[in-house]
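Asker: The structure follows.
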Amino acid sequence: MNASGLSSDQIKLQARVRELAAGPVARRAAEVDRTEQYPWDNVELLKDARLLGMTIPQQYGGQGKNWLDAVLVIEALSSACSVTGRIAVETNMGAISAVMAYGSDEQKKLAADMVLSGDKPAICITEPEAGSDANGMTTRADKKGNRYVVNGRKHWITGGGVSRLHLIFAKVYDEKGNEEGIGGFLAIRDETAGLKITKREPTMGLRGIPEAVIDFEDMELPPSALVMPPRGLKKGFADLMNAYNSQRVGAATVALGIAEGAYELALDWSEKRHQFGRPINEFQGLQWKLADMSIKLRAAQALVYDAARSGEGGFPDMLLAAQAKVFTSENAIQVVNDALQFFGARGYSRELPLERMARDVRMFTIGGGTAEVLRNVVAGALLKKKLPQTRDGWGKS
Ligand SMILES: Cc1cc2nc3c(=O)[nH]c(=O)nc-3n(C[C@H](O)[C@H](O)[C@H](O)COP(=O)(O)OP(=O)(O)OC[C@H]3O[C@@H](n4cnc5c(N)ncnc54)[C@H](O)[C@@H]3O)c2cc1C
């Protein structure tokens, strides 16, 4: 898909990444899925192509690129390999952007150096008993003298076991046991004692990137590990979550890219495949399906680009990011499903990428805020109300 309104630099960037995606990235995609191995070789490719940490400010070694630049990269990569697309999300958005916005100089240097050398940071929010209701988390960080002691369990942490830098959210308690709010702490796997990867989830799709259970057992951290937004700990969680709007746009972009890849395959096959003595795209039923698919993709792309553009100089707008993620994730599932149908039995085979794409794309109405919870976000923003079904609605802070 081509969208207007891109600068000449962005068009060049898009063309460069499309070439990379269609070449080495596409060639590895099936193997990454089959072996369930993290594609370290693709990380090297992204590093050499300067696509990791593009959004990191220049003073910390990055290129200070904007969200739309990152979106163009993620979209192109995801059309060939969604796992590689997700690596581009998490090295340009989410945890890294939270640290870049709110971290101390020392934290920014640490995170930037790690990402630019190939680490995909992990963001640890979700717990077995606290999913959509993140405020219900029970992981705790107790202040004891000049350190915090963290205990608890997170699950479905993307990159658990391959990521080194972790941004971990926990309820913070002072020396007397009073709750101070939710804070985000930086810890490094294999360096911070007490951070243990205890299980890898057997996932439906996106199998080249691990989803893990992580246990924190008396994990000790210095106060300098706490990422402290300017509004302090009480309100700071909301600020840190604001950084997550970039990750949401990134997640929507992966879904968009996968669906675009599937659509292109279907379009091409519809000319090649003949039945009843003619290409199958001469049947009106399939022509209308192609038309609907292209309309959905065009609309999704416009929402995603718009949300990305809204973050100029800060983070993407919460409403636009939520609208983009709900629409794109749901429509991408439909587009991929329709594309698979074009191939008949072949679409159901593991020899073609369609079944992998169908498994991969299914995630995006769930991870990073479900479609239902994001509809709450949209409705709350439209009505300018704290809705009863959201975390603020029952009088919780
Ligand atoms: C592949 C993958 C990667 C992930 N990566 C990460 C990660 O890196 N870090 C991390 O912290 N988490 C991660 N997650 C977790 C993800 O963010 C959560 O799964 C998500 O927030 C939903 O939480 P839950 O699974 O506990 O579902 P629940 O919150 O238990 O929801 C169950 C169902 O109830 C619905 N529901 C819940 N509350 C409401 C409401 N108020 N109104 C209407 N419907 C509601 C939900 O939409 C859902 O359909 C990942 C998940 C997946 C699948």
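Asker: What is the calculated FRET efficiency for ASN178 to ALA371, with r their C-beta to C-beta distance and R₀ = 35 Å, to the nearest 0.05?
Answerer: According to the calculation, E is roughly 0.40.
Asker: What percentage of the solvent-accessible surface of the chain, computed with a 1.4 Å probe over protein heavy atoms, is contributed by carbon and sulfur atoms?
Answerer: 51 percent
Asker: Taking a cut-off of 18 Å between Cα atoms, list the lysines near LYS296, but don't count ones fewer than 8 places away on the same chain.
Answerer: LYS325
Asker: The stretch 354-386 to the stretch 142-173: how many Å between their Cα centroids?
Answerer: Centre-to-centre distance over Cα atoms comes out at 25 Å.
Asker: Identify the residues of the stretch 74-110 with backbone N under 15 Å of a label point that sits 7 angstrom from the Cα of ALA49 along the Cα-to-Cβ direction, or state none.
Answerer: Zone members listed by number: 74-92.
Asker: How charged is the neighbourhood of PHE216? Take every other residue with its Cβ under 13 Å from the Cβ of PHE216, and add Lys/Arg as +1 and Asp/Glu as -1. Don't jump to the answer; show the numbers that get you there.
Answerer: Details: positive: ARG140, ARG153, LYS154, LYS171, ARG189, LYS196; negative: GLU127, ASP142, ASP215, GLU217, ASP218, GLU220.
Neighbour charge sum, excluding PHE216 itself: 0.
Asker: Follow-up. Order the peptides 198-209, 172-183, 350-361 from the highest to the lowest mean number of other Cβ atoms within 10 Å of their residues.
Answerer: Numbers: 198-209: 16.7, 172-183: 14.4, 350-361: 20.6.
By packing density, highest mean first, the sequence is 350-361, 198-209, 172-183.
Asker: Just to verify a number: FRET efficiency for GLN284 and SER349, C-beta to C-beta distance, R0 = 41 Å, to 0.05?
Answerer: Result of the calculation: an efficiency of 0.95.
Asker: Based on alpha-carbon centroids, what's the gap between the stretch 60-109 and the stretch 210-285 in Å, whole number please?
Answerer: If we compute the Cα centre of each part, the gap is 12 Å.
Asker: Next up: Based on the Cβ-Cβ distance of GLN58 and GLU19, what FRET efficiency does E = 1/(1 + (r/R0)^6) give at R0 = 30 Å, to the nearest 0.05?
Answerer: Details: r = 25 Å, r/R0 = 0.85.
Efficiency, rounded to the nearest 0.05: 0.75.
Asker: Please sort through the DSSP H helices of the chain and keep those with an alpha-carbon extent of at least 24 Å along the long axis and a Kyte-Doolittle average not below -0.5.
Answerer: Working: long enough: 232-272 (60 Å, -0.02); 284-309 (37 Å, -0.04); 318-342 (36 Å, 0.60).
Helices meeting the span and hydropathy rule in the chain are 232-272, 284-309, 318-342.
Asker: Which three extents, in angstrom, do the Cα atoms of the stretch 195-323 have along their principal axes, listed largest first?
Answerer: Sorted largest first, the three principal extents are 72, 37, 17 Å.
Asker: Can you sort ARG16, ARG28, ARG34 by 1.4 Å-probe accessible area, starting with the largest?
Answerer: In descending accessible area the options line up as ARG34, ARG16, ARG28.
Asker: Students sometimes get this wrong: rank PHE315, PHE327, PHE185 by accessible area, probe 1.4 Å, all chains present, largest first.
Answerer: On the way: PHE315 40, PHE327 65, PHE185 0 Å².
Descending accessible area places them as PHE327, PHE315, PHE185.
Asker: Then there is this: Excluding ligands, DNA and RNA, what is the solvent-accessible area per residue of the chain at a probe of 1.4 Å, expressed in Å²? Could the numbers behind the result be given before it?
Answerer: On the way: 17510 Å² over 397 residues.
Dividing the accessible area of the chain by its residue count gives 44 Å².
Asker: While we're on this one: As a test question: what accessible area, to the nearest 10 Å², does TRP67 have when a 1.4 Å probe is rolled over all protein chains in place?
Answerer: TRP67 has an accessible surface of roughly 30 Å² with all protein chains in place.
Asker: A further question follows. Please compare each pair in LYS143/LYS384; LYS65/LYS120; LYS47/LYS109; LYS65/LYS109 to a cut-off of 26 Å on the Cα-Cα distance and tell me which ones are over it.
Answerer: With Cα atoms farther than 26 Å apart: LYS143/LYS384.
The values are calculated or read from the model by the stated rules, or taken from the named source; none is laboratory data. Note that the coordinates shown come from a computational prediction; the quantities given were computed from them, not determined experimentally. Cβ sites come from the backbone with ideal geometry, for glycine too, and all protein chains shown count toward neighbours. Side chains included, ligands, DNA and RNA excluded: accessible areas come from the protein's heavy atoms. Shrake-Rupley method; radii C 1.70, N 1.55, O 1.52, S 1.80 Å.
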